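Chemist: To start, I am sharing the structure in question, which I have written as C-alpha cells.
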Amino acid sequence: MAEVTTSLSIGQVAERTGLSVHALRFYEHEGLFVNPVRRGPGGRRVYSQDDVDWLTVCIILRASGMSLPALRRYADLVREGAGNEEERLALLREHQAHVTTQIGRLTECLDLVRFKVGVYEDLLDPDSPAVHQCHAPSPSADKEQTPTTLVSS
C-alpha cells in the first residue's frame, strides 16, 4: 500500500507548530529544513507531516538554547544522510552538556526564589513570629540571609 503524503499549507503548519508564518519562512531561509520546502501549482509552500515532525525537533532544540548555527549544522548533517552520525552525536552531546549546565543554574535560581517567597510569606503571615518582631518590612528586607548562608549557619 502506498504511503499517503499529507499536504499542509503554511498556515496549517503554523497552527500545528505554534510558529508564526514569518518564523516558518525564516527557518526555510536559514536552511533549517531537512528537505526542501515544496511548492504547489500556485507557487505556495506545501509541507508534509515529516516537515512538521522535523520542525518539532527544531523548536525543542531552539527552546533548549541551541544556537541557530548549531541547529543549521545539525540540519545539514541530517540532510547529508548516513555516515556522519559521530558528528551528530558530538554536536548533541555538546548541547546536552549546555542544557545540563543551564538546568543547574536555573535550579539555583529557583532555590533562591523559593527562599525569598518563604521570607515574604513569613513576613506577611499574621501568626508568624517575624511579624511580631517588626510591624513592617525594613528597607533591608532584601538583605536577609540567602539559602547558601543559611546552610552554613
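A short reminder: the numbers here are calculations on the coordinates, not readings from a lab. All of these numbers come straight from a predicted model, not from anything done at the bench. Heads up, the Cβs are rebuilt from the backbone with ideal geometry, glycines too, and the neighbour counts pull from every protein chain shown.
Chemist: Under the Karplus relation 6.51 cos²θ - 1.76 cosθ + 1.60, θ = phi - 60°, what is the ordered set of whole-Hz ³J(HN,Hα) values for the range 73-82, x standing for Gly and Pro?
Modeler: 5, 4, 4, 4, 5, 5, 4, 5, x, 4
Chemist: Mind running the shape call on the range 1-81? Use the C-alpha gyration tensor, a ≥ b ≥ c as the square roots of the eigenvalues: rounded below 1.5 for a/c, prolate if a/b tops b/c, oblate otherwise.
Modeler: prolate
Chemist: So if I place +1 on the C-beta of Lys and Arg and -1 on the C-beta of Asp and Glu, and nothing else carries charge, what would the dipole magnitude of the range 1-81 be about its Cα centre? I want it in debye, nearest 20.
Modeler: For the range 1-81, the charge dipole is close to 260 debye.
Chemist: Can you run phi through the Karplus equation (6.51, -1.76, 1.60; θ = phi - 60°) for the range 44-52 and list ³J(HN,Hα) in whole Hz, with x for Gly and Pro?
Modeler: Those phi angles translate into 7, 5, 10, 10, 10, 5, 4, 4, 5 Hz.
Chemist: What is the order of Asp76, Asp127, Asp51, fewest Cβ neighbours within 10 Å to most?
Modeler: So the ranking, lowest neighbour count to highest, is Asp127, Asp76, Asp51.
Chemist: Considering only Phe33, Gln12, Ala23, whose Cα is most displaced toward the positive end of the charge dipole of the range 1-81, charges sitting on Cβ of Lys, Arg (+1) and Asp, Glu (-1)?
Modeler: Ala23
Chemist: Taking a ≥ b ≥ c as the square roots of the Cα gyration tensor eigenvalues, with a/c under 1.5 meaning rounded and otherwise prolate when a/b beats b/c, else oblate, which class fits the range 42-104?
Modeler: Oblate shape, in that a/c is at least 1.5 and b/c is the bigger or equal ratio.
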